[in-house]
Amino acid sequence: MNFFRRLFRSKSTSILEPQFDASVAQRLAAAGKDPHRVEAIPAALLEMPAKPALPGFAGLVRLELTLDVAGKVRAVQMDGAPFDQVSTLETWAEQWAFTPAKMEGEAHPCRMVFEITWS
């Protein structure tokens, strides 16, 4: 990244670089492809419904979402959620809408991690 882009980039903006987990990197290597040279576009969040109220809870919840080839949430794993609110948070996360991730021009399933704070 050149000096001017770093200088003028907003502190709240981050440049997302696709990251392959170990299993994807191994499949690419087995196919004779270098994971660092594969064209990949991460899924992009299109819509996130309003954050649910979690009465009496303040803290950080880490959501790991597994997306299918259409960008639909198929599985939710979380850390830090109050036990009595897990189903509420799963239902909420399953309503998020994403553009599909792409690898070499084809839609591809992926995982994304979000950290959300309640205060």
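Among the residues in the stretch 40-63, are any part of a loop (DSSP other than H, G, I, E, B) and among the acidic types (Asp, Glu)? No; the residues of the stretch 40-63 include none that is part of a loop (DSSP other than H, G, I, E, B) and among the acidic types (Asp, Glu).
The number of residues in the stretch 67-105 being among the aliphatic types (A, V, I, L, M), in contact (Cβ under 8 Å) with a residue 40 or more places away in the chain and closer than 15 Å to Lys51 by Cα comes to 1. Of the listed requirements (1) touching a residue at least 24 places away in the same chain (Cβ under 8 Å); (2) charged (D, E, K, R); (3) out of contact with any strand residue (DSSP E or B) (no Cβ under 6 Å at 6 or more places or on another chain); (4) surrounded by 12 or more Cβ atoms within 10 Å (Cβ to Cβ), Glu64 misses just one: (3).
If you go through the stretch 64-92 and keep only what is in a loop (DSSP other than H, G, I, E, B) and within 19 Å of the chain's Cα centre (by Cα), you end up with Asp68, Val69, Ala70, Gly71, Gly80, Ala81. Contact annotation: residue pairs with Cβ atoms under 8 Å, 6 or more positions apart or on different chains, pairing a residue in the stretch 38-52 that is in contact (Cβ under 8 Å) with a residue 24 or more places away in the chain and closer than 13 Å to Ala93 by Cα with a partner that is β-branched (Val, Ile, Thr) and loosely packed, with under 15 Cβ neighbours inside 10 Å, are Pro52/Thr88.
The residues listed here are Leu60, Leu46; of these, the one that is modelled with pLDDT of 90 or more, out of contact with any helix residue (DSSP H, G or I) (no Cβ under 9 Å at 6 or more places or on another chain) and farther than 24 Å from Glu106 by Cα is Leu60.
Scanning the stretch 93-117 for residues being part of a strand (DSSP E or B) and among the aromatic types (Phe, Trp, Tyr) gives a total of 2.
The values are calculated or read from the model by the stated rules, or taken from the named source; none is laboratory data. Since this is a predicted model, take the numbers as computed values, not measurements. Here Cβ is always computed from backbone atoms with ideal geometry, including for glycine, and neighbour counts include all displayed protein chains.
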